[in-house]
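Visitor: Below is a structure I'd like to ask you about.
The values are calculated or read from the model by the stated rules, or taken from the named source; none is laboratory data. Note that this is a predicted model, so its numbers are computed, not measured. Virtual Cβ from ideal backbone geometry, glycine too; neighbours counted across all protein chains shown.
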Amino acid sequence: MKNFTLSNPFGNRQKEFWLIIGAFAAVYVVWGATYLFNYFAIEAIPPFLMGGTRFFTAGLLLFGFLHFRKTPLPSARQWFWSFILGILFLALGSGGLIWAIQFIDTGFAALLVAIDPLVIMFLLWAIQGVRPGGRALIGALLGMMGMYLLLGQPQLDAHPKAWMGLLAIGISLVAWAFASIYVSRLDLPENRFQRSSMQMLSGGAVLMLFSWVTGEAATFELSGLSWKAGLSWLYLVAFGSILAFSCFNYLLSKVSPEKVATSTYVNPLVALLLGWSFNNEVINPGALVAGGLMLAGVYFINSTSRKPA
C-alpha cells in the first residue's frame, strides 16, 4: 500500500490570511513611519547622503539576493530605463522629500505626498489629453481645498525656510507622477523586485554623487553619528526599503489593487500620529480638516481611475 498524506487546505488558507494581514500591517505602519525615521536619520547624516546610501545599500542587497536565486541579468536597455526611473522616483522624488523634512513637519509632508494621484491626473490631462471624469473633478476640487487649508496652517510659519521644503516636495511630486505615467511603457525586467533593486541602485548612486559634488558629504563625520540616527538608517534600509516593498508586491499578487491602494490613506495618518507622539509635532483641527479633504479627494480620483474606460 502506498503511503499518502492529506493536505489541509484550511490550514494553508489560515496561513495565507495571516501573511496578508502582516503584509498590510507592514505597508501601513512601516511606510508610514519612514517619514519620522527619515527625520531622525538626517539629524546626523546629510539628507542626500543619507538617502543615497539608504537606497544604494537596499538595492545592492536585494539585487545580490536575486542574483543568488539565479534571476536572469537585465539587459543594457533595461539598465538605462531603470537609471532614468531611479532619478525620477528616488533621486528627485524621495530625495527631494527627505531634504524637505528639514523644514516641514513629517506629518505635513506625508499629507502633501498623498495628493500625488491629483498631480498624475493633471499631468495625464496636460500631456496626453486624458480628461478626468466627474468624480475625478470632484476629487480635484476637494484636494485643492484641502491643500489651500493645509498651506495656511501656522506650523508652516514656524520655520523661515518652509517655502523651500514646499518647493522641494512639489518637484518631488511632479517627478514621481511623471515616472508613474510612463513606467508601464518602458523596457524593464519582468521581476518586480529586480526592477526595484535596479532603480534603488541607480537613484542611490545619483544621490550619493550629488552629495559629494555639492560638498554635503564632506560635512559628515562618522564620529558624530548618534545611535538614533544610525538605527533609523538601518530601519529605512531593512524595513522601509526591502521589507515593506516586498510586502507591497506580495499584496499585489494576492488581493485587489484597490485594497493595496488603501495605504495612500493610512500612511499619512500613521505619519501624523508618530510625528505628534515622538517628535513634538502639533496637530490642530485645521490640519485635520485639511488632511480629511485631501484624502477624500484622493479617494474620488482613485475610485474613478479604477473604472474601465
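Visitor: Mind listing just one residue for me: the one in the range 31-48 that is aliphatic (A, V, I, L, M) and surrounded by 23 or more Cβ atoms within 10 Å (Cβ to Cβ) and, of those, nearest to V260 (Cα to Cα)?
Guide: The first filter runs over the range 31-48 and keeps only residues aliphatic (A, V, I, L, M), leaving 33, 36, 41-42, 44-45.
Then drop every residue that is not surrounded by 23 or more Cβ atoms within 10 Å (Cβ to Cβ), which leaves 33, 36, 41, 45.
Details: A33: 17, L36: 22, A41: 28, I45: 32 Å.
Here the answer is A33.
Visitor: Cβ-Cβ under 8 Å, sequence separation 6+ or interchain: first residue in the range 204-222 and farther than 16 Å from G93 by Cβ and touching a residue at least 60 places away in the same chain (Cβ under 8 Å), partner of a type outside the set (S, T, N, Q) and part of a loop (DSSP other than H, G, I, E, B). Which pairs?
Guide: S211/P46; E216/P46; A217/P46; T219/P46; F220/I45; F220/P46
Visitor: So, one more: Any idea which residue in the range 40-70 is farthest from Y235 (Cα to Cα), counting only those that are of a type in the set (K, R) and either more than 20 Å from the chain's Cα centre (by Cα) or modelled with pLDDT under 95 (or both)?
Guide: The extreme case among them is K70.
Visitor: Let me ask something else. What residue, among those in the range 138-181 that are assigned to a loop (DSSP other than H, G, I, E, B) and in contact (Cβ under 8 Å) with a residue 40 or more places away in the chain, is nearest to W125 (Cα to Cα)?
Guide: Looking at the filtered set, the residue picked out is G152.
Visitor: Sticking with this one: Considering only the range 262-276, I want to know if a residue exists there that is surrounded by fewer than 14 Cβ atoms within 10 Å (Cβ to Cβ) and over 25 Å from L137 (Cβ atoms).
Guide: No, there is no match, as no residue in the range 262-276 is surrounded by fewer than 14 Cβ atoms within 10 Å (Cβ to Cβ) and over 25 Å from L137 (Cβ atoms).
Visitor: Sort out which residues of the range 39-71 are under 17 Å from G165 (Cβ atoms) and not in a helix (DSSP H, G or I), and write them in order of number.
Guide: Residues satisfying the conditions are E43, P46.
Visitor: A further question follows. Is there a residue in the range 107-114 that is more than 21 Å from I42 (Cα to Cα), at pLDDT 90 or above and of a type outside the set (F, W, Y)?
Guide: So far as the range 107-114 goes, no, none of its residues is more than 21 Å from I42 (Cα to Cα), at pLDDT 90 or above and of a type outside the set (F, W, Y).
Visitor: Further question: Taking helices (runs of 4 or more DSSP H) that do not extend beyond the range 207-309, which have at least 1 residues that are touching a Lys or Arg at 6+ places or on another chain (Cβ under 9 Å) and closer than 19 Å to G146 by Cα?
Guide: Details: elements: 227-235, 244-254, 257-260, 263-278, 285-305.
Here the list reads 285-305.
Visitor: Of all residues in the range 52-102, which are more than 30 Å from L156 (Cα to Cα), crowded, with 24+ Cβ neighbours inside 10 Å and among the polar types (S, T, N, Q)?
Guide: Once the filter is applied, which keeps residues that are more than 30 Å from L156 (Cα to Cα), crowded, with 24+ Cβ neighbours inside 10 Å and among the polar types (S, T, N, Q), the range 52-102 yields only S82.
Visitor: Also, quick follow-up: Considering L274, L295, L236, which residue is in contact with a Phe, Trp or Tyr (Cβ under 7 Å, 6 or more places away or on another chain) and within 14 Å of F37 (Cα to Cα)?
Guide: When all the criteria are applied, what remains is L236.
Visitor: Between a first residue in the range 72-84 that is closer than 12 Å to S197 by Cβ and touching a residue at least 24 places away in the same chain (Cβ under 8 Å) and a second residue that is small (G, A, S) and assigned to a helix (DSSP H, G or I), which pairs have beta carbons less than 7 Å apart while being 6 or more apart in sequence or on different chains?
Guide: S82/S202
Visitor: Okay, moving on. So, in the range 138-178, exactly how many residues are more than 29 Å from N284 (Cβ to Cβ) and surrounded by fewer than 19 Cβ atoms within 10 Å (Cβ to Cβ)?
Guide: Of the residues in that region, 1 qualify.
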